[in-house]
Amino acid sequence: MSSEKRTRGPNKQTPWARQPEAGLSVLRLPLDTSDPVQRARLASMFGGAYQVRRGLQRDAQDRSRAYWAAHHERERNPIVVRDRLGLSRAGFEHAAYEHLDAAPHLRRFVTKALAMHLADSVWNATERHLFRDAAGRRQGALHIGRWYDFTRLPGRARSHTTQRKWETFRLHGTLAGHRAAYTRNGDFMQPHRMRAVENTSWWSYDGPLALVFSGLTDGTLVLPVRLPTAPSNQPILDHHLGDPSRWHKIDLVRRRDPNAAGGWRYEAHLMVLTTPYVSPTAAARRATVAIETIDRVAGIDVNVSNITVASHEHGRGTQVTRVERDETQKQRDRSRARRERRRQRDLDRSRRATNRGQYRLSKRQEKRARRRAEAGLSPVDVIPSGPRIARADGVPLQGYRRDRLSARYHRQRAAQVAEAASATRVRQDRARQIAAEIVGTHGYQLLVEDCSVAAWSRSWGRAVAAFSPGTLIAALDREAQAVAALAGASGGVRRIATQTTALSQHCPCGARVAKRLADRVHRCPSCGLCGDRDAVSAVLASFVVLADHGDPSSARVDYAATTNALPDIRRALHPSSSGWQDTLSESTDLSARDGSFITWSTSTPDSGLVARRIVGTVACPILNETGFHQTTSERARWRTNLFRRTSLDAAICGTALSCSP
Ligand SMILES: [Zn+2]
């Protein structure tokens, strides 16, 4: 008889693997937590999981420090060191079990399966720190995550080979059962209170949908799912929930919401093995675009506060579109920014009020205190408005996280987070709409200069955040790829190197026209072409040829084609718009200063024109007409960073150019 450990041996069947072509889509299902008992259990589950994860993150920190410190041993054989320190997926999973065994009280809220998935997520971060990625980069030191950033409990994927095997979070019930339970007079309606779901045989249950988590010592956790009842949402629900065999995995996610009981709103993120839902209207639109724009190639010029798209079909039919925020959106952003500043001031004041010992008095407050002391008056208790008490190198003596904070502070902070999240959603929604319009006009083959929006953020943070060109380009890429897939061609946003093309420094005729960043108008001395700098760049980008599609540095501008297309480009850059948009706007004379309503004397003879230029409005902003009340030259805006907006939206309008004759 052999004394070796007996195992079942390797898996005889072919292991299940996800088919990428089947697609992957995530549906957010809001959970009903009106039952205070279940809500408390959910909150404790996040609390317990956070403790386990924090323990694991400390382990990861210690172990990787020890790993980097063992120079000689690592040089001999790094694998042995990692084995010794338990730096592996299995090592972290064992550590998680040990934490749970050492803290049995947590077993009321956290199961071993959940702890294992937390260990996996910590190991993934550790892996990125220990090993280099394909680009040769390694992530920096590991950090302990903060409580408020801990928003996701990863669940386990169900087994697609074994029936009834789905650990951690499961979804039970059927869509039909759900609709049947909440239909009144033939209408699917939203109940004020969801019915409590109780069952013991979950695998044969077909009532209203519920999130189920079993294996806890306090019994199974059951949370009813709330489904949207709007008719427009029903096809989406049918698409995702119609076939339960495609349900794959559920993560439990919480979101801060000052209006929800307990301060958090809970959602189940259901991953479904299907393609994301596309409405029939969007599908029809994409199909039309795929046929109509098959020969169109577009170039994009990205800026801090606007993007310009130009496209042509074999050098003909050039079209130019400029995208920037319109006045309504700017106004909305301004009021949101104002609201945000006020809230930030409130938060700061509240923090100072509850932690008076951590702040100095301001100069004025000090002077007043001195004056009162000299006059023999008792000191007044004020909220100090001076700087925080800190070491010589500026680090606060007491960390901000040790501050005592009021309930009102927490509420306000939650509102701030919720509003920022909603602003992001609005921005992404808007970007999607704009992307659909642009791809509809300019086709699905787009070229963009390979520049780093992140680097711009360092210089023009506010402006970039307000317009968020990165979000827009990402949305364009997604839309273009979706259309290209329908057309059966390759498409999307391709990157082209700036060094080999120098789009902003060239003219379509091939001549080099040097421009500083401040020069917003392109004037070519050799061919006389004159137009908006961004539009000219975008036109050039649309004529770029990539020798190797994956390599941005293989990009060259096809100047033979641009020279042939010059008359067409000239026409596109000067749309036959009438009215005063064509008047001189980039004048070398003094004009109204930024932030001022006063008109300086200019050499323009017609004073009516000057007044109109300053206070007038047009249907869409033109280069020198970006504000509602005042003229802000693009140049000054770039230089002075006058942006005061936190969030962004953008609007499409046709190009409007101004150019001196
Ligand atoms: Zn030229």
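The values are calculated or read from the model by the stated rules, or taken from the named source; none is laboratory data. Small disclaimer: the values here were computed from a predicted structure and weren't measured. For neighbour counting, all protein chains shown are included, and Cβ atoms are generated from backbone atoms with ideal geometry for every residue, glycine included.
List of remarks:
- Options ARG494, ARG427, ARG432; residue that is under 25 Å from GLY317 (Cα atoms), of a type in the set (Lys, Arg) and touching a residue at least 12 places away in the same chain (Cβ under 8 Å): ARG494
- Residue in segment 279-290 that is at pLDDT below 90 and outside the structural domain of THR318 (by TED's automatic domain parsing) present: no
- Residue match in segment 428-445 (condition: under 16 Å from ASP333 (Cα atoms) and touching an Asp or Glu at 6+ places or on another chain (Cβ under 8 Å)): yes
- Residue among LEU540, LEU546 that is surrounded by 15 or more Cβ atoms within 10 Å (Cβ to Cβ), within 17 Å of THR500 (Cβ to Cβ) and within 13 Å of the ligand (Cβ to nearest atom): LEU540
- Answer from ALA268, ALA287 - the residue that is under 23 Å from the mean Cα position of the chain (by Cα) and within 30 Å of HIS239 (Cβ to Cβ): ALA268
- Every pair of residues 6+ apart whose Cβ atoms lie under 6 Å, when the first sits in segment 506-517 and is closer than 13 Å to VAL536 by Cβ and of a type in the set (Gly, Ala, Ser) while the second is within 7 Å of the ligand (Cβ to nearest atom) and part of a loop (DSSP other than H, G, I, E, B): ALA511/CYS524; ALA511/SER526
- Among the candidates LEU216, LEU153, LEU130, the residue that is surrounded by 16 or more Cβ atoms within 10 Å (Cβ to Cβ), at pLDDT below 90, under 30 Å from LEU87 (Cα atoms) and not acidic (Asp, Glu) is uniquely LEU216.
- For segment 390-410, a residue qualifies if it is out of contact with any Ser or Thr (no Cβ under 9 Å at 6 or more places or on another chain) and either surrounded by 14 or more Cβ atoms within 10 Å (Cβ to Cβ) or assigned by TED's automatic domain parsing to the domain that holds TYR266 (or both), and the qualifying residues are PRO396, HIS410.
- Residue match in segment 320-334 (condition: under 31 Å from the mean Cα position of the chain (by Cα), in a strand (DSSP E or B) and not β-branched (Val, Ile, Thr)): yes
- Qualifying residue in segment 347-368 (condition: touching a residue at least 40 places away in the same chain (Cβ under 8 Å) and part of a strand (DSSP E or B)): no
- Hey, VAL122 over 30 Å from PRO78 (Cβ atoms), in contact (Cβ under 8 Å) with a residue 60 or more places away in the chain and among the β-branched types (Val, Ile, Thr) or not: no
- Count of segment 194-228 residues, restricted to those that are touching a residue at least 60 places away in the same chain (Cβ under 8 Å) and farther than 20 Å from ALA43 by Cβ, is 2.
- Residue in segment 494-506 that is within 13 Å of the ligand (Cβ to nearest atom) and of a type in the set (A, V, I, L, M) present: no
- The sole residue among ALA375, ALA337 that is outside the structural domain of ASP532 (by TED's automatic domain parsing), of a type in the set (Gly, Ala, Ser) and more than 26 Å from the chain's Cα centre (by Cα) is ALA375.
- Listed conditions (1) of a type outside the set (D, E, K, R); (2) part of a strand (DSSP E or B); (3) loosely packed, with under 15 Cβ neighbours inside 10 Å are all met by HIS192, apart from (2).
- For segment 508-537, the tally of residues that are hydrophobic (A, V, I, L, M, F, W, C), surrounded by fewer than 16 Cβ atoms within 10 Å (Cβ to Cβ) and more than 9 Å from the ligand (Cβ to nearest atom) stands at 3.
- Selection status of VAL615, of a type outside the set (S, T, N, Q), within 39 Å of the chain's Cα centre (by Cα), more than 16 Å from the ligand (Cβ to nearest atom) and modelled with pLDDT under 50: yes
- Counted residues, segment 549-561 - those being part of a helix (DSSP H, G or I) and within 16 Å of the ligand (Cβ to nearest atom): 3
- Residue in segment 332-340 that is modelled with pLDDT under 90 and under 16 Å from GLU479 (Cβ atoms) present: no
- Positions within segment 369-395 being more than 28 Å from ARG339 (Cα to Cα) and either basic (Lys, Arg) or not in a loop (DSSP other than H, G, I, E, B) (or both), in sequence order: ALA369, ARG370, ARG371, ARG372, ALA373, GLU374, ALA390, ARG391
- When SER468 is tested against the conditions (1) closer than 30 Å to ALA283 by Cβ; (2) at pLDDT 85 or above; (3) surrounded by 15 or more Cβ atoms within 10 Å (Cβ to Cβ), the lone failure is (2).
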